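The values are calculated or read from the model by the stated rules, or taken from the named source; none is laboratory data. Just so it is clear, the structure is predicted and the values come from calculations on it, not from any experiment. Note that each Cβ is placed from the backbone with ideal geometry, even for glycine, and that neighbours are counted across all protein chains shown.
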Amino acid sequence: MNTISSWRLLPFAVLIIFTAPLVIVLSSLLGNYSDNWSHLYEFVLLDYVNSSLILVIGVAFLVFIIGTVTAWTVTNYNFIGKDIFEWALILPLSIPPYILAYTFTGLFDPYGDANNLIRYLFDLSSDFVFFPNVRSMYGAIIVFAFTLYPYVYLVSRSALINQSKSMKEASRLLGLNQVQVFYKLALPMIRPAVIAGVMLVIMETLSDFGAVDHFAIETFTTGIFRTWYGLYDLQTAMQLASLLLIIVGVFYLIEKNTRGGSIYTSNNSNFSPNLEDNLQGFKALIAFLICFIPIFIGFIIPIVELSFWAYEVNLGFFNDRFISNAMNTLSLSLGTGIICAGLALLINFSVRFKPNKLVEKLSSLLSLGYAVPGLILAVGMVQLMVYLDTFLFSSLDIVLTGSIFGLMIAYVIKTYALANSSIESGYQRISNSMDESSRLLGISGWRMLINVHSPLMKTALLTSVLLVMSDVVKELPATLILRPFNFETLAVSTYTYASEERMLQAAAPAIAIVIIGLIPIIFLSKMIRSSRPN
Amino acid sequence: MDNLILEIKELNHAYGESDLTIKDLNLNISIGEKVSILGPSGCGKSTLLRLIAGLEKPNSGEIIKKAEVMTNHKIFIPPEKRNVGLVVQEKALFPHLSVYENICFGIHRNKDKNKIVSDLLELLKIDSLKNKYPHEISGGEQQRVALARSLAPNPDLLLLDEPFSALDEELRKTLYKEVSEVCSEKNSSILLVTHDPYEAEVMTDKQLRMENGKLI
C-alpha cells in the first residue's frame, strides 16, 4: 500500500517543484509596486506592448503563409526535389532565431558581406547600401518567421496528408479550381491544426530574448531584462514577467483547445489517401521555389555565412575557451537530459502502475513548462533559490542562488515535455498484457520498472535524452541569468561575441549549437518520411 | 444527336504501365435518360465515371457533353468546368461545414442559394438536418446530403458510383426509390454504376453490362 501511495505522490511532488517559480512570479502581482512602474508606464510600457504586438502579428501572418503553402505544395504535388523538401523544410528549426539574427546582421548590415558583394560586383562606391536596414522590426519578423515556420508546416502537413482525396475531388466537381480548393476547402478544414501551430510560434516569439535584443527591439522580454539588470528592480521585473506569462498562458490555452477540433476531421472509414498531381515546366518551377526559398533563407544562408566566418578565423576558434564552453554545455545538457528522461520514466510508470484520472491530469500538467518563456522561468527560479537559501542555509550567504542546481531545475522544467512525449509514446508500444504477465510472475513496482520496462524503453529513453539535450544547448535567456559566475555555455558565448559585434568568433559556438540542434530534426525527418499513408 | 447529353467515342484508359482498364468504349446517353452499368468489382466501372468527371485523363478517345468536347487528344476540360455531379459511396462531405453549407458549396454566387437549398432539403426530406454537421447525422442521411450537394449546382449529368452500397438493405431500397423520383422531378440524366442488378433495375431505364473494361 505504501509503495502505491508513493507512486501516486510522485507527480504531485514534481508538480509543486515545477510550478513553484511560476507561482513566485505571479505572486509578485500581489506585492508592492515600485516607483519604477511610473517610469515604465510613462515611457516604455506602451512601446513593449506595441512592439510585441506588431512582431507577433507580422510573424504569425508570415508563418501562416509559409507553413501552409509549403505543406500544401509538398502534400499535393509531385515535382523535382519534392522528396527532399518534404523533410528539408523543417531544417530551419535547428537554427535558433538569435543565430539567424546574428548572421542576418553580418550579411545585410551596411558593411555586411551581402552589401560588400553588391558593391564589389557592380563597382559601386563604398557608401552605397543596397539592402535595407535589417536591424528593424521587419528584419525581426523575417528572422522569426523563417526559423519558426516549420511549426506550422509540420502540423499543416500532418493534417493535409490525412485529408481524403475524395473531398478534394468532390470540391473540384462542385466548381473549385486547385487554388480555390486550397483556400476554400483544405485550409478551413485544417484550421485547428494551423491555429495550434501559429500559437506555438507566437509563444516562441514572445519568449525570445536573443534576437530582439540584437535588433534592439523593445519587447516584453528585453524590458524584463533591462528592468532587472538596468534598474536593478527584481520585483518590477517579476511583475512585468507576470504580464507576459498571462499573455503566453492565453495563447497556450488557445493552442490546447484548438487541437480538440474533432469536427474538422473526417471519421469516414472509407478514407482514400491523397495522390499527388505531377507538375511540369513553369508550374514545377514555382512549386520548387515555394519550397526552396524558406529553406534558403532559414537554413542555407545562416549555415553558409557561419561556415564562411569559421573559415575566416581558420582553426583559431578551436581554443581553450571554446572547449571549456562546449564541455560546460555538454555536461549541462546531458545531465538535464538524463534527469528529464528518468523523471518522465518514473512519472509515466506511476500513471501506468496505478491508473488514476487525477494523477494522469497532473502528469500532463507537468509539460506546461515548455510554454513558459525561459526568461520568466529564470526570474522565478532566482527568487525561489533566494527563498531556499534563506530557509535552508540562513547562516551561510549564498549556496543555491547562482548555482548549477537552479539552472538545471529551470532546464528540467522547460524541457520535461520533450522527454515526456518520447517516453509516453514508448510506453504506448508496451502492451498491458506484459505488465499482467510480470505481476503474475511476482514482479511489480520497482522490479517491473527496472527489469521489464527499462530494457524495452531503451530507444525511447535515448531519444528523450537527445531531444532534451538539443533544446538545452539552444536555451539563452535562462542560462544568461541563472549561470554561475564565470560559467559560459555555447549559447552564452555566441551571445557575448555577437553583442560585442565579434561575429567571426561567434561562428564556432553557433555552428556547434546548430549541429546539436539537428538531432531532433533527424528524428522528425524520419517520422515525416514514414508518415505517408501509402 | 442533338438530344444527347453524353457521347463517348473509342475511349481507352490504363493506370500507368498496367493493362487497359477501359478498352475502346462507346456510350451515348440522352437528356433525361437514366442509364446503369452493371459489372463485377475491378471491371472499370468507377474508372469510367472518373474519366467522364475529368478526374482521370484517358489514353485516347473522346468524351463529349452537350456537343462540347470535354476530353480528346488535344482538349481536357478540368473537372470544375464540366458541370457534372458525382456521388460516391464515401460521400466525402466536408466535416467542417453544416449540412446547409455543404449543399451551398457548389452553388454559384449569383443564384438564389436559399431557394435552391430549401427545395433540395425538402425534396430529400432532410430539412430538419440543415444546421447539423456530418458527424451528427446517420449514414443514410449523409448520403442524402451528398446527393443534395451534387444536385445543387444543377449538373447536366449525375454520376452515381455505388452510392448506397455501404447502407443496410432496407435503407438502400428506400433511397433507390426516393433518389430516382428526385432525379425524375429535376429531369436529371443519370449514369449509375453498380454490381447490384436490383439497384440498376429500380433506379434506371436502361441497363448495360461491363466486363474487363468493355461494354457488352
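Hand me the list of helices (runs of 4 or more DSSP H) wholly inside the stretch B:59-169 holding 2 or more residues that are within 11 Å of chain A (Cβ to nearest Cβ). Talk me through it step by step, then tell me what you get.
Working: elements: B:99-104, B:113-123, B:139-151.
It comes to B:99-104, B:139-151.
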If you go through A:Tyr138, A:Tyr153, the only one that is away from every other protein chain (no Cβ under 14 Å) and either crowded, with 17+ Cβ neighbours inside 10 Å or not in a helix (DSSP H, G or I) (or both) is A:Tyr153
Taking the options A:Asn133, A:Asn115, name whichever one is in a helix (DSSP H, G or I) and more than 23 Å from A:Ile290 (Cα to Cα).
A:Asn115
Within the stretch B:34-44, restricting attention to residues that are at pLDDT below 90 and of a type outside the set (Gly, Ala, Ser), which residue is farthest from A:Gly175 (Cα to Cα)?
B:Pro40
Yes or no: A:Asp109 acidic (Asp, Glu) and in contact with a Lys or Arg (Cβ under 9 Å, 6 or more places away or on another chain)?
yes
In the stretch B:1-25, which residues are over 13 Å from B:Pro58 (Cβ atoms) and either touching a strand residue (DSSP E or B) at 6+ places or on another chain (Cβ under 9 Å) or modelled with pLDDT of 90 or more (or both)?
B:Met1, B:Asn3, B:Leu4, B:Ile5, B:Leu6, B:Glu7
Any residue at all in the stretch A:446-460 that's in a helix (DSSP H, G or I), in contact (Cβ under 8 Å) with a residue 24 or more places away in the chain and closer than 30 Å to A:Leu148 by Cβ?
yes
I'd like to check something: does the stretch A:351-366 contain any residue that is part of a helix (DSSP H, G or I), surrounded by 14 or more Cβ atoms within 10 Å (Cβ to Cβ) and of a type in the set (Lys, Arg)?
yes
Selected residue (criterion: farthest from the other protein chains (Cβ to nearest Cβ)) from residues of the stretch A:156-165 that are buried (at least 20 other Cβ atoms within 10 Å of the Cβ) and either free of Cβ contacts under 8 Å to residues at least 40 places away in the same chain or in a helix (DSSP H, G or I) (or both)
A:Arg157
Looking at the structure I just gave you, is A:Ala211 modelled with pLDDT of 85 or more, not assigned by TED's automatic domain parsing to the domain that holds A:Leu377 and not in a helix (DSSP H, G or I)?
no
Pairs with Cβ under 9 Å, 6+ apart, first in the stretch B:173-189 and in a helix (DSSP H, G or I), second among the basic types (Lys, Arg)
B:Leu175/B:Arg144; B:Glu178/B:Lys125; B:Glu178/B:Arg144; B:Val179/B:Arg144; B:Ser180/B:Lys34; B:Cys183/B:Lys34; B:Ser184/B:Lys34
Checking B:Glu178 against (1) over 30 Å from B:Ile63 (Cα atoms); (2) more than 11 Å from chain A (Cβ to nearest Cβ), which single condition isn't satisfied?
(1)
Just give me the residues in the stretch B:48-58 being modelled with pLDDT of 90 or more, closer than 22 Å to B:Gln143 by Cβ and within 14 Å of another protein chain (Cβ to nearest Cβ), in sequence order.
B:Leu49, B:Arg50, B:Ile52, B:Ala53
Could you check how many residues of the stretch A:473-531 are closer than 21 Å to A:Tyr149 by Cα and not in a helix (DSSP H, G or I)?
3
Only one residue in B:Leu175, B:Leu215, B:Leu191, B:Leu208 is out of contact with any strand residue (DSSP E or B) (no Cβ under 7 Å at 6 or more places or on another chain) and either closer than 13 Å to B:Lys34 by Cα or of a type in the set (A, V, I, L, M, F, W, C) (or both). Which one?
B:Leu175
Per-region count, the stretch A:166-191, residues touching a residue at least 24 places away in the same chain (Cβ under 8 Å) and either more than 9 Å from chain B (Cβ to nearest Cβ) or not in a helix (DSSP H, G or I) (or both)
4
Name the single residue, out of those in the stretch A:187-229 being acidic (Asp, Glu) and crowded, with 23+ Cβ neighbours inside 10 Å, that is nearest to A:Val372 (Cα to Cα).
A:Asp208
Checking A:Leu124 against (1) surrounded by fewer than 24 Cβ atoms within 10 Å (Cβ to Cβ); (2) hydrophobic (A, V, I, L, M, F, W, C); (3) in a helix (DSSP H, G or I), only one condition comes out false. Which one?
(3)
Starting from residues that are farther than 16 Å from A:Ala341 by Cβ and acidic (Asp, Glu), keep the ones in the stretch A:417-460 and report whichever is modelled with the highest pLDDT.
A:Asp435
Does at least one position in the stretch A:379-386 carry a residue that is in a loop (DSSP other than H, G, I, E, B), at pLDDT 85 or above and in contact with a helix residue (DSSP H, G or I) (Cβ under 9 Å, 6 or more places away or on another chain)?
no
Quick check: anything in the stretch B:10-31 among the small types (Gly, Ala, Ser), assigned to a strand (DSSP E or B) and crowded, with 22+ Cβ neighbours inside 10 Å?
no
Take A:Leu62 and decide whether it is crowded, with 17+ Cβ neighbours inside 10 Å, modelled with pLDDT under 90 and assigned to a helix (DSSP H, G or I).
no
